[in-house]
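Notes follow once the structure below has been shown.
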Amino acid sequence: MVSCIMKKLIPLVFIGVFFVGCKDQDKESPEDKGNNNSSQVVEEGPDLSGIEYNLSGDSAFITKCTRVGQVIVPSVIENVAVTGIGDNAFFGNIGMTSLVLPDSLASIGNSAFRGCIGITDITIPPNVNSIGISAFSGCRKLKTVKFLGHAPADAKYMFKDAPATLYFDPGKDGWDKPFGGRPIKPMKDFPG
């Protein structure tokens, strides 16, 4: 009786294996995805993990960032240019060790990077025309800040407790007077 049942089960097992093996043949395997010759282009947006933002018309504003390590602020979010870093957006982010800001940036809010003790240098993009009160206050390891554009309006406590030297492009306006309570030097004097 056992041999009779086995004789009936063996063909069923082969048929089951055949159907299971053929079931997913028209689906792409991960290897096939890299070799896809279709004309479709899938664009990936920037990695926004740990970043919160608001959209307003044709501008995007970073409102909070909890990323650690190197932080690269995207230049575009949802097809809209990132033009502002909001008040307190990076406040107290002690795990951030370096920061890259996009050229599209025009404003940095009050206390935007206050207490970010891990950053040592930063480049302010050429279009930034406004930096808020205490924007870099408490950035105790901040040694160098390069300004690529005209001098923004000087704000109270901008670099309080930040031992930075500020470097500027002598071809840009507004660098003929003290700024941010910190020493200023022309870009040609930048070390390295």
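The values are calculated or read from the model by the stated rules, or taken from the named source; none is laboratory data. The structure presented is a predicted model; accordingly, all values stated were derived computationally and were not measured. Glycine also receives a Cβ, built like all others from the backbone with ideal geometry; neighbour counts cover every protein chain displayed.
Among the residues of segment 62-86, how many are closer than 25 Å to His150 by Cβ and touching a Ser or Thr at 6+ places or on another chain (Cβ under 6 Å)?
Residues that pass the stated criteria total 6.
Taking Gly115 as the residue in question, decide whether it is farther than 21 Å from Glu52 by Cα and in a loop (DSSP other than H, G, I, E, B). Reasoning before the result, please.
Values: farther than 21 Å from Glu52 by Cα: no; in a loop (DSSP other than H, G, I, E, B): yes.
So Gly115 fails the test.
(1) under 28 Å from Thr66 (Cα atoms); (2) loosely packed, with under 14 Cβ neighbours inside 10 Å: which one isn't true of Tyr157, the others all being true?
(2)
Is at least one residue of segment 123-130 surrounded by fewer than 19 Cβ atoms within 10 Å (Cβ to Cβ), more than 19 Å from the chain's Cα centre (by Cα), hydroxyl-bearing (Ser, Thr, Tyr) and under 21 Å from Thr83 (Cα atoms)?
Scanning segment 123-130 turns up at least one residue that is surrounded by fewer than 19 Cβ atoms within 10 Å (Cβ to Cβ), more than 19 Å from the chain's Cα centre (by Cα), hydroxyl-bearing (Ser, Thr, Tyr) and under 21 Å from Thr83 (Cα atoms).
What is the one condition in (1) assigned to a loop (DSSP other than H, G, I, E, B); (2) farther than 20 Å from Phe61 by Cα that Asn93 does not satisfy?
The number of the failed condition is (2).
Taking interchain pairs and intrachain pairs at least six residues apart, which have beta carbon atoms under 8 angstrom, with the first residue in segment 53-74 and assigned to a strand (DSSP E or B) and the second exposed (fewer than 12 other Cβ atoms within 10 Å of the Cβ)?
Leu55/Glu78; Ala60/Glu78
Of the residues Asp189, Asp173, Asp87, which is of a type in the set (Asp, Glu), surrounded by 15 or more Cβ atoms within 10 Å (Cβ to Cβ), touching a residue at least 12 places away in the same chain (Cβ under 8 Å) and out of contact with any Lys or Arg (no Cβ under 6 Å at 6 or more places or on another chain)?
Working: Asp189 fails: surrounded by 15 or more Cβ atoms within 10 Å (Cβ to Cβ); Asp173 fails: surrounded by 15 or more Cβ atoms within 10 Å (Cβ to Cβ).
Every option except Asp87 fails the conditions.
Phe168: surrounded by 13 or more Cβ atoms within 10 Å (Cβ to Cβ), over 23 Å from the mean Cα position of the chain (by Cα) and at pLDDT 95 or above, yes or no? Break it down into steps so the answer makes sense when it comes.
Values: surrounded by 13 or more Cβ atoms within 10 Å (Cβ to Cβ): yes; over 23 Å from the mean Cα position of the chain (by Cα): yes; at pLDDT 95 or above: yes.
So Phe168 passes the test.
Determine which single condition Leu99 fails, assuming it passes every other condition in (1) assigned to a loop (DSSP other than H, G, I, E, B); (2) at pLDDT 95 or above.
Exception for Leu99: condition (1).
Within segment 141-150, is there a residue that is farther than 29 Å from Thr66 by Cα and part of a loop (DSSP other than H, G, I, E, B)?
Applying the first criterion (farther than 29 Å from Thr66 by Cα) to segment 141-150 yields 150.
Of the ones still in play, those that are also part of a loop (DSSP other than H, G, I, E, B) are 150.
Scanning segment 141-150, I find at least one residue that is farther than 29 Å from Thr66 by Cα and part of a loop (DSSP other than H, G, I, E, B), so the answer is yes.
Just to verify a result, which residue in segment 131-154, among those that are under 13 Å from Cys116 (Cα atoms) and among the small types (Gly, Ala, Ser), is surrounded by the most Cβ atoms within 10 Å (Cβ to Cβ)?
Out of the qualifying residues, it is Ala135.
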